[in-house]
Amino acid sequence: MAGSRHRLLVKHARQVVQVSSTRQTVKCAADMQHLNILQEEGDYSIMVGSDGLILDIGPTNEIEEKYNGDVIDQVIDASGKCIIPGTSPF
């Protein structure tokens, strides 16, 4: 039996730039000097829920273990890439 359904998994990124770790919706000017960049050893993944909102960001092995058995509509391999998640204006 499958678990939850999610819209998107982007996995194996070399870096993930988190504009805010405190759910701040907008950063500009001097605020942009303080970005959280995940780039330790290993790689990172982002899970996006069926509502289009980011559910989780973390090491790929932890994300895959946490959501094992869930249905994912689309999986993108971002090996060696940098992801800067954000919202779409559309």
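The values are calculated or read from the model by the stated rules, or taken from the named source; none is laboratory data. Owing to the predicted nature of the structure, the values given are computational and were not obtained by experimental measurement. All Cβ positions, even for glycine, are placed from backbone atoms using ideal geometry, and neighbour counts span all protein chains on display. The area values use the complete protein model at the heavy-atom level, side chains included, leaving out ligands, DNA and RNA. Shrake-Rupley method; radii C 1.70, N 1.55, O 1.52, S 1.80 Å.
Could you tell me whether VAL71 is open to solvent by less than 100 Å² (accessible area, probe 1.4 Å), within 12 Å of the chain's Cα centre (by Cα) and at pLDDT 80 or above? The answer is no for VAL71. Figure legend. Inter-residue proximity from the range 66-87: first residues more than 15 Å from SER4 (Cβ to Cβ), second residues of a type in the set (Phe, Trp, Tyr), beta-carbon distance below 8 Å, spacing 6+ or different chains. Indicated pairs: ILE83/TYR44. Within the range 35-59, being modelled with pLDDT under 85 and touching a Pro at 6+ places or on another chain (Cβ under 7 Å) holds for one residue alone: GLY42. Scanning the range 55-68 for residues that are part of a strand (DSSP E or B) and open to solvent by 70 Å² or more (accessible area, probe 1.4 Å) yields a single hit, LEU55.
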